[in-house]
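This report concerns only the one structure given below.
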Amino acid sequence: MSSLTQACLWLDQSPAEPHWPPLTQSARCDVAVIGGGYTGLWTAYYLKRMAPELDVAVLEAETCGYGASGRNGGWLIGGLANQDAHLLRLDGERREQARRRLFGIVDEVAEILPRERIDCDFVHGGVLYAAARYPEQEAMGRKWLRELRRAGHGEADFRWLDRKEAQEQLGARDVRGGVFSPHCAVIQPARLAQGLARAAARLGVRIHERSPVRRLAPGVARLDGCELRADVIVPALEGAAGQFSRLARCLLPVQSLLLATEPLSSAQWDEIGLADRQAFGDLSRMVTYGQRSADGRLVFGARGGYRLGGRERWNFDPGSDEFAWRERLLRQLLPALGATEVEYRWGGTLGVARAFTPYALYDRRAGIAMAGGYGGEGVGASNLMGRTLAELILERDGDLTTMPWVMSEGRLERVRRWAPEPVPWLGYHLVRSAYALEERLCAGGSAPAWARRSAGKLAAALESLLA
Ligand SMILES: Cc1cc2nc3c(=O)[nH]c(=O)nc-3n(C[C@H](O)[C@H](O)[C@H](O)COP(=O)(O)OP(=O)(O)OC[C@H]3O[C@@H](n4cnc5c(N)ncnc54)[C@H](O)[C@@H]3O)c2cc1C
């Protein structure tokens, strides 16, 4: 097989054929969801489960799962990016309640999948963040673990693995230990998105694919030649939100890129491990993430770039250096790959909220409910946020609607926006350059300790400035 294909493994295994007709005539409904990714589909699903009489429609520009939801790394994390910023502000029982909600995401999804007959290769094996490749990763991991303890997480939630334990889980280069958490599962992302769409449709959600919304105004989504009116509009667009002026700069659309190898031999898997199909990454600032797919491939990715003006991006050149760099990193991490070929290369766009903190909000006056800014951790988070949006819209008094990631003011204008261009572009590229410098000095092995340390400090300082 050619080593140059830009196909996405998940969409290749489960092609995103259109199932539902476009919207061609003007209509109205109670809730109009814009975007058929996990956020939109979970929101529609829970709305119909909680209130079957509600008329809910989903408008998707392409096919359900076309966006990040069909192409991600398949880590289904029980948690939210930067969640400890919230947890640290809560006391005793409230903090415990919030932690239960976050860690409970994996069990919630695990319960729904068989009930809705969604077969997405779900395996609940936890996640290993390995301190590997260079010594500084051990210090980073131990520092992170101290922060986790301060936020109240115990051994059962995150624990340090010594060198031997970590090496048993992941046969990577120069493993020195790692942080293991049970609160993560792996999935086949496109199958989850497509299965969710079918589950929502069975409940009576009206889905329209190939139905791009061109304009959003209060109570109405305008398409080419028709419009959909609704009491509540849920823009569930994540990396694509910037196309609408009302939502511009709420999220920073950032790319992430992935590779998938050919299936590995059992001898290679004996060396690499991942016997429980645990998700894995290393502790570098490059945000690496990987999984052992159900058909025995290594799927591996790392955070990518940001385009001036915050433009989304779905097409990537498989021959570009962006992929070559990730492949080198993967081979450096897992020497057991030897001459194994990389068969798939793809990428997509995700959304990052200001302060790296995802949020949900329901602005009653504007008739808008939205959630997002998952910062690359949206597979599990979108389930929690979909449930939360459903409760907010239905005005149910559950504990979900009072969680700290729900914006209490509930006003679209209150969402913290990113600065206008070119500030985000310059900031992002500065931070990326600092990460790349740190990576080069530390992984290269020959730089003096002071230079490696300084590069790490510079990267951390710039990162906090960007937030
Ligand atoms: C390469 C990559 C790897 C990732 N890996 C992970 C991971 O391992 N774990 C994790 O937790 N998270 C990961 N993420 C993030 C995660 O995939 C996203 O946070 C999540 O899928 C967001 O779901 P969503 O429904 O909010 O957005 P999306 O899935 O992007 O859905 C938005 C939808 O809106 C549609 N749309 C766009 N414009 C319009 C319009 N005008 N009208 C109608 N519809 C429109 C799009 O076609 C799309 O289907 C990754 C993201 C990427 C890109």
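Note: relative contact order over the stretch 286-349, using C-alpha pairs below 8 Å and six or more positions apart, is 30 percent.
Between the residues Gly35, Thr261, Pro52, the greatest Cα displacement towards the positive end of the dipole of the chain, with unit charges on the Cβ of Lys, Arg, Asp and Glu, is found for Gly35. Each label was represented as a point 7 Å from its Cα along the Cα-to-Cβ direction; for Ser408 and Glu116 these points are 3.2 nm apart. With bins 10 Å wide beginning at 0, the percent of Cα pairs of the stretch 111-171 falling in each bin runs 18, 39, 24, 17, 2. With both labels modelled 7 Å from their Cα along Cα-to-Cβ, the Arg222 to Arg453 distance reads 6.0 nm. For Pro189, what is the net charge nearby, where nearby means another residue's Cβ is under 10 Å from its Cβ and Lys, Arg count +1, Asp, Glu -1? After counting each charged neighbour, the total is +1. Label sites at Asp12 and Ser26, each approximated as a point 7 angstrom past Cα along Cα to Cβ, lie 4.6 nm apart.
Extension gain, Asp276-Leu203: 0.36 nm per intervening residue step, less the Cα-Cα distance, totals 22.9 nm.
For the stretch 209-222, backbone phi angles converted through the Karplus equation (6.51, -1.76, 1.60; θ = phi - 60°) give residue-by-residue couplings of 8, 6, 10, x, 7, 9, 9, 10, 9, x, x, 8, 10, 9 Hz, Gly and Pro being listed as x. Placing +1 on the Cβ of every Lys and Arg and -1 on the Cβ of every Asp and Glu, with no other charges, gives the stretch 419-467 a dipole of roughly 220 debye about its Cα centre. Take every pair of alpha-carbon atoms less than 8 Å apart whose residues are at least six positions apart; their mean separation over the length of the stretch 419-467 yields a relative contact order of 47 percent.
When the accessible area of the stretch 419-467 is computed with all protein chains present and a 1.4 Å probe, what percentage of it is carbon and sulfur? Taking all protein chains in place, the stretch 419-467 shows 71 percent carbon and sulfur surface. Here the dipole of the stretch 21-138 is about 140 debye; that uses its Cα centre as origin and unit charges on the Cβ of Lys and Arg (positive) and Asp and Glu (negative).
Within 10 Å, count the other beta carbons around each residue, average over each peptide in 231-243, 11-23, and list them highest first. Working shown, then result.
Details: 231-243: 24.8, 11-23: 16.0.
The peptides rank, most packed first, as 231-243, 11-23.
Roughly how far apart, in whole Å, are the Cα centres of the stretch 250-292 and the stretch 8-34? Distance between centres, Cα-based: 29 Å. Length gained on full extension, Arg416 to Ser245: 60.1 nm, using 0.36 nm per residue less the C-alpha separation.
Hey, if you put +1 on the Cβ of every Lys and Arg and -1 on every Asp and Glu Cβ in the stretch 203-265, which of Ala236, Ser211, Leu247 ends up farthest toward the positive end of that dipole? About the Cα centre, the residue reaching furthest to the positive side is Leu247.
Hey, what's the per residue convex hull volume over the C-alpha atoms of the stretch 419-467, in cubic angstrom? Mind dumping the intermediate values first?
Numbers: hull volume 2.3 nm³, N = 49.
Here the figure is 47 Å³ per residue.
Solvent-accessible area per residue for the chain at a 1.4 Å probe radius, Å²?
Working: 18530 Å² over 467 residues.
Counting only protein heavy atoms, the per-residue value for the chain is 40 Å².
Available extension along the chain between Trp425 and Arg215 is 73.0 nm, counting 0.36 nm per residue and deducting the alpha carbon span.
Under unit Cβ charges (Lys, Arg +1; Asp, Glu -1), what dipole magnitude, rounded to 20 debye, does the chain have relative to its Cα centre?
Details: 60 positive and 56 negative charges, 258 e Å.
The dipole of the chain has a size of about 1240 debye.
Could you work out the relative contact order of the chain? I mean the mean sequence separation of Cα pairs under 8 Å and 6+ apart, divided by the number of residues, in percent. Don't jump to the answer; show the numbers that get you there.
Numbers: 1018 pairs, mean separation 105.9, N = 467.
So the answer I get is 23 percent.
When the Cα positions of Gln278, Tyr306, Gly376 are compared along the charge dipole of the chain, Tyr306 comes out farthest toward the positive end, with charges on each C-beta of Lys, Arg, Asp and Glu. Proximity of backbone amide H atoms, modeled 1.01 Å from N, is registered between Gly73 and no other residue at under 5 Å, excluding neighbours fewer than 5 places apart on the same chain.
Relative to the longest principal axis of the Cα atoms of the chain, the long axis of helix 449-466 makes an angle of roughly 10 degrees.
The values are calculated or read from the model by the stated rules, or taken from the named source; none is laboratory data. Remember, it's a predicted structure, so these values are computed and weren't measured experimentally. In this analysis, Cβ positions are derived from the backbone assuming ideal geometry, glycine residues included, and neighbour counts consider all displayed protein chains. Quick note on the areas: whole protein, heavy atoms, side chains included, nothing else; ligands and nucleic acids left out. Shrake-Rupley method; radii C 1.70, N 1.55, O 1.52, S 1.80 Å.
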